[in-house]
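Scroll down for the structure; my scribbles are underneath it.
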Amino acid sequence: SSEVLEAIENVIQGVLQSLAQRKAPVLTVANRRDWRNIEFKDSVGLQMIPRSTTKQIRSDCPQSANRFALMLKILSMIYKMVQSNTYATKRDIYYSDTLLFGSQSVVDEIINDISCMLKIPRRSLHVLSTTKGFVAGNLSYTEEDGTKVNCTCSATAVTVPSNVQGIKNLTSHAKFILIVEKDATFQRLLDDNFFNKVSPCIMITGRGIPDLNTRLLVRKLWDSFQIPIFTLMDADPHGVEIMCVYKYGSVSMSFEAHHLTVPSIKWLGLLPSDLKRLNICKDALIPFTEQDENKLASIQKRPYIACQPLWKKELEIMAASKLKAEIQVLTSLSSDYLSRVYLPNKLQFGGWL
């Protein structure tokens with residue numbers, strides 16, 4: 001915490017020095033969304049280069065003066081929380097003054113900018129994300145406040161903890177981890193008692209694009225157990241995008257890649273090639289929208305696809321057919337096809353990429 005306080009004090013000192021010299025104070029932050037600031041490393045995923053291009057948030061410019069003030073406001077809130085060892089969610093910060101901040105997304109962006117500017121992970125700033133992910137299966141752990149959590153015995157899933165860094169005593173006999181894109185599929189597998197049937201496993205869902213805590217938990221489980229991690233996604237560009245976020249990270253959070261990415265993640269399904277192999281009826285597939293085509297084209301150009309020839313092939317199949325499928329399409333074969341046939345066969349015969 002003393003490091004965090006010192007880092008904030010240095011920023012404020014810079015502001016005061018500018019004022020003393022009768023200059024307009026400026027905050028300098030990295031361009032987090034610029035692909036030119038990103039390098040791809042097989043072992044880490046997408047990470048920000050050390051000498052990245054920056055943008056200035058000036059206090060004397062009408063376009064950025066408001067943002068400058070909001071950054072100082074949030075810095076002061078973080079400083080107080082670190083000093084008093086209290087925590088707040090991004091939502092708490094927004095609701096402390098909704099008129100001032102205007103929207104939740106403004107708060108989220110500023111907190112990420114501050115984290116990147118100070119080179120300090122968001123959790124160390126005492127700002128917690130609201131969790132939306134679930135975990136179930138062969139896993140137990142102790143939360144920071146001493147609460148014991150056992151995911152094995154519950155018929156319902158457990159919410160991903162809001163302070164993943166604080167959990168300890170993780171124990172599991174799982175043979176693999178399965179990341180499921182959607183909540184509906186996750187619940188279906190839970191109802192089918194999938195995580196006990198084939199072999200003990202841990203199931204996680206970020207319920208769409210994963211939040212920070214879900215990604216942190218996947219990384220923590222990988223560091224703790226070093227067991228295979230598979231993804232189960234829709235066979236569409238959005239599903240591929242989500243899988244890439246877990247595996248290689250996102251551009252906007254590339255400055256934290258080392259804590260968030262798991263490059264060893266494998267693509268288990270639903271593969272575009274599975275649709276033909278399983279004779280899925282064309283009527284059950286969904287035609288691409290223009291947005292799908294653009295998303296797929298952008299994914300195909302990304303640096304990590306070049307080093308994944310088998311993924312590249314699957315994306316080419318998808319692009320050629322201009323058709324997509326949700327995991328639920330397997331119910332057209334039989335209601336429990338996913339948990340009874342598809343996943344057990346894939347896991348037994350190595351049907352992943």
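The values are calculated or read from the model by the stated rules, or taken from the named source; none is laboratory data. Worth saying up front: this structure is predicted, and the values here are computed from it rather than measured. All Cβ positions, even for glycine, are placed from backbone atoms using ideal geometry, and neighbour counts span all protein chains on display. These accessible areas exclude ligands, DNA and RNA; they are computed on the full protein's heavy atoms, side chains included. Shrake-Rupley method; radii C 1.70, N 1.55, O 1.52, S 1.80 Å.
In table form, for the structure just shown:
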| quantity | calculated |
| --- | --- |
| Which numbered condition Y95 misses (of (1) under 24 Å from V11 (Cβ atoms); (2) modelled with pLDDT of 90 or more; (3) open to solvent by 30 Å² or more (accessible area, probe 1.4 Å)) | (1) |
| Criterion (in a strand (DSSP E or B) and either under 30 Å from Y246 (Cα atoms) or not assigned by the TED database to the domain that holds R302 (or both)) met by exactly one of I57, I74 | I57 |
| Among (1) open to solvent by 50 Å² or more (accessible area, probe 1.4 Å); (2) at pLDDT 80 or above; (3) closer than 23 Å to E109 by Cβ, the one test that R36 misses | (2) |
| Conditions (1) at pLDDT 85 or above; (2) buried (at least 18 other Cβ atoms within 10 Å of the Cβ); (3) farther than 30 Å from N196 by Cα: number failed by C151 | (3) |
| Residues of region 297-353 that turn out to be open to solvent by less than 60 Å² (accessible area, probe 1.4 Å) and closer than 23 Å to T185 by Cα, as a count | 24 |
| Residue list for region 211-227, restricted to those being of a type in the set (D, E, K, R) and open to solvent by 50 Å² or more (accessible area, probe 1.4 Å) | R219, D223 |
| Residue list for region 1-33, filter: part of a loop (DSSP other than H, G, I, E, B) and either without any contact (Cβ under 8 Å) to a residue 12 or more places away in the chain or buried (at least 17 other Cβ atoms within 10 Å of the Cβ) (or both) | Q21, R22, K23, P25, R32 |
| The listed residue being surrounded by 16 or more Cβ atoms within 10 Å (Cβ to Cβ), in the same structural domain as K324 (by the TED database), part of a helix (DSSP H, G or I) and in contact (Cβ under 8 Å) with a residue 12 or more places away in the chain, out of F230, F255 | F255 |
| Those residues of region 140-175 which are over 23 Å from the mean Cα position of the chain (by Cα) and within 22 Å of Y87 (Cα to Cα), in sequence order | D145, G146, T147, K148 |
| Top-ranked residue of region 154-199 - restricted to ones that are open to solvent by less than 30 Å² (accessible area, probe 1.4 Å) and part of a helix (DSSP H, G or I), ranked as modelled with the lowest pLDDT | F195 |
| Single unsatisfied condition, T147 versus (1) without any contact (Cβ under 8 Å) to a residue 24 or more places away in the chain; (2) over 29 Å from D92 (Cβ atoms); (3) not aliphatic (A, V, I, L, M) | (2) |
| Scan of region 73-123 for residues that are touching a strand residue (DSSP E or B) at 6+ places or on another chain (Cβ under 9 Å) and of a type in the set (S, T, N, Q), ordered by number | T89, S96, S115 |
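Residue by residue, here is whether (1) more than 22 Å from S332 (Cβ to Cβ); (2) out of contact with any Pro (no Cβ under 9 Å at 6 or more places or on another chain); (3) of a type in the set (V, I, T) holds:
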| residue | (1), (2), (3) |
| --- | --- |
| M203 | yes, yes, no |
| E241 | yes, yes, no |
| R277 | no, yes, no |
| E290 | yes, yes, no |
| I305 | yes, yes, yes |
